[in-house]
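Trainee: Dumping the structure here so I can ask a few things about it.
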Amino acid sequence: MQQILIDTDPGVDDALAILFAMLSPELHIEAITTVCGNAPVAQATQNLLTILSVLDLDQFPVIAQGEAAPLVKPLVTAAHVHGEDGLGNISQLRNADGSLLYRPANTEVSSITGIDLILEMAARYPDELVIVTLGPLTNIAKAIRKDAPKMRHLRKIIVMGGVFEAYGNVTTTAEFNIFVDPHAAHEVFHFGVPVHIAPLDATHQVVLTGERLHAEVDKRDSPVSRFLKDSTQACMEFYRQHVGFWGFHIHDALPIGMLTHPDYFESVNAYVQVETEGTLTSGMTVADLRRERQSSNPNAQVCIKVAAEAFLDHFFERLQ
């Protein structure tokens with residue numbers, strides 16, 4: 001069983017990834033830390049508790065709240081995509097009696113910071129802990145700054161972020177997680193521990209249509225399936241209006257799938273750099289992904305291909 005810490009900024013696609021991870025028996029989710037990104041960090045923490053409330057858990061991962069601002073840049077959020085609460089506006093949903101349909105899980109948020117929890121877990125599981133990042137890399141960069149020797153004993157970091165040979169989803173050249181904190185991404189990518197990246201080039205290969213989602217939900221009648229339907233409506237409507245199809249890309253689920261079913265993914269070694277200052281290109285990730293030109297000094301493995309239908313089948317098998 002793999003020891004996992006998830007660092008996240010929930011986020012609709014984060015929510016699906018967290019449920020996917022929690023329901024995967026190969027993974028033991030030791031801890032979850034929140035970070036600013038899709039929503040301000042306090043809202044991200046509340047969203048995490050709401051996501052976990054959907055599951056019938058006897059024991060929760062340790063939860064800690066992380067950083068409220070990127071290293072250098074002012075915070076940019078994504079309420080226009082994920083809803084005002086960052087979770088598809090499910091905080092507005094009510095039962096027939098007027099009570100909230102979704103409430104935060106009844107569990108404590110740790111009194112220590114997200115950075116300190118990351119370091120505590122790195123020390124507890126030396127050379128075993130895998131960190132999966134679903135948001136900006138601010139917490140990870142600050143943990144490295146605070147105690148690099150402990151962080152050097154991570155088994156690996158799996159990052160949902162970046163874009164190389166496709167268009168970005170914030171600017172033409174930048175993906176959201178890297179755009180929000182490019183300085184943190186630069187520090188993490190050049191730290192020296194193994195980094196595996198699931199960029200938009202890969203996540204855009206996995207298209208979850210509204211028809212497929214509703215068909216899968218209609219097969220089941222469970223808290224998880226109802227949450228999937230309720231939390232994704234705002235995001236799918238955004239895609240209908242701005243991307244051109246009813247559905248969305250489940251970006252953050254891919255790093256989880258890279259752990260649970262690695263044979264669905266194809267990666268290349270690359271030397272990845274991050275543009276931190278460009279007026280037009282801030283947050284751009286740069287690497288040569290051509291196989292015949294793989295770097296002699298790679299700092300990352302970049303996913304370039306996904307068995308999309310097999311992955312979606314695997315994803316829905318877990319989210320019963």
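The values are calculated or read from the model by the stated rules, or taken from the named source; none is laboratory data. From a predicted model like this one, the values you see are computed outputs, not experimental measurements. Cβ atoms come from the backbone with ideal geometry, glycine included; neighbour counts cover every protein chain shown. Remember, those area values only see protein heavy atoms, side chains included, never the ligands or the DNA or RNA. Shrake-Rupley method; radii C 1.70, N 1.55, O 1.52, S 1.80 Å.
Trainee: Mind pulling the per residue volume of the convex hull built on the Cα atoms of the range 172-248? Å³ is fine. Could the numbers behind the result be given before it?
Mentor: Numbers: hull volume 10.9 nm³, N = 77.
So the per-residue Cα hull volume is 141 Å³.
Trainee: Which percent, to the nearest 5, of DSSP beta bridges fully inside the range 130-259 are antiparallel? Show your work: numbers first, answer last.
Mentor: On the way: 3 of 11 bridges.
In the range 130-259, approximately 25 percent of DSSP beta bridges are antiparallel ones.
Trainee: Counting heavy atoms of the protein chains only and a 1.4 Å probe, report the per residue accessible area for the chain as a whole number of Å². Let's see the in-between values first.
Mentor: Working: 13000 Å² over 320 residues.
Per-residue accessible area for the chain comes out at 41 Å².
Trainee: Not counting the cut sites, what is the longest span of the chain without trypsin sites (Lys or Arg not before Pro) that DSSP labels loop and that have at most 15 other Cβ atoms within 10 Å? Provide the component values of the computation, followed by the final result.
Mentor: Values: sites that count: R152, K219, R220, R290.
The segment 1-151 is the longest one with no such site.
Trainee: Between the range 144-180 and the range 206-267, how far is it from one alpha carbon centroid to the other, in angstrom?
Mentor: 22 Å
Trainee: Continuing with this model, one more query. Exactly which GluC sites (Glu not before Pro) in the range 238-293 are in a DSSP loop and have at most 15 other Cβ atoms within 10 Å? Before the final figure, lay out the partial values.
Mentor: Values: sites: E266, E275, E277, E292; in loops: E275, E277.
When the GluC sites (Glu not before Pro) of the range 238-293 are filtered for loop state and at most 15 Cβ neighbours within 10 Å, E277 remain.
Trainee: Can you list the aspartates and glutamates whose alpha carbon is less than 15 Å from that of K229, not counting same-chain residues fewer than 8 positions off?
Mentor: Qualifying aspartates and glutamates at Cα under 15 Å: D13, D14, E211, E216, D218, D221, E237.
Trainee: Heavy atoms only, probe 1.4 Å: what % of the accessible area of the range 60-145 goes to carbon and sulfur, would you let me know?
Mentor: Numbers: 1930 of 3940 Å².
On the range 60-145, the fraction of accessible area on carbon and sulfur atoms equals 49 percent.
Trainee: To make sure I understand the rule: partners must be lysines, Cα under 22 Å from the Cα of K156, and not fewer than 8 residues away in the same chain. Which ones qualify?
Mentor: By straight Cα distance, K156 reaches K142, K146, K305.
Trainee: Given axes a ≥ b ≥ c from the Cα gyration tensor, I'd like to know whether the chain is rounded (a/c under 1.5), prolate (a/b larger than b/c) or oblate.
Mentor: Working: a/c = 1.45, a/b = 1.23, b/c = 1.17.
Cα axes put the chain in the rounded bin.
Trainee: What fraction of the DSSP beta bridges in the chain is antiparallel, stated in percent and rounded to the nearest 5?
Mentor: Numbers: 13 of 38 bridges.
In the chain, approximately 35 percent of DSSP beta bridges are antiparallel ones.
Trainee: If you don't mind, there's one more thing I want to ask. Does the range 108-148 classify as rounded, prolate or oblate by the C-alpha gyration tensor (a ≥ b ≥ c root eigenvalues; a/c under 1.5 gives rounded; else a/b over b/c gives prolate, otherwise oblate)?
Mentor: Values: a/c = 1.27, a/b = 1.05, b/c = 1.21.
Rounded.
Trainee: Can I ask one more? Using a 1.4 Å probe over the heavy atoms of the protein chains, calculate the carbon and sulfur portion of the accessible area of the range 171-215 as a whole percent. Don't skip to the answer; put the middle values down first.
Mentor: Details: 760 of 1210 Å².
Here it works out to 63 percent.
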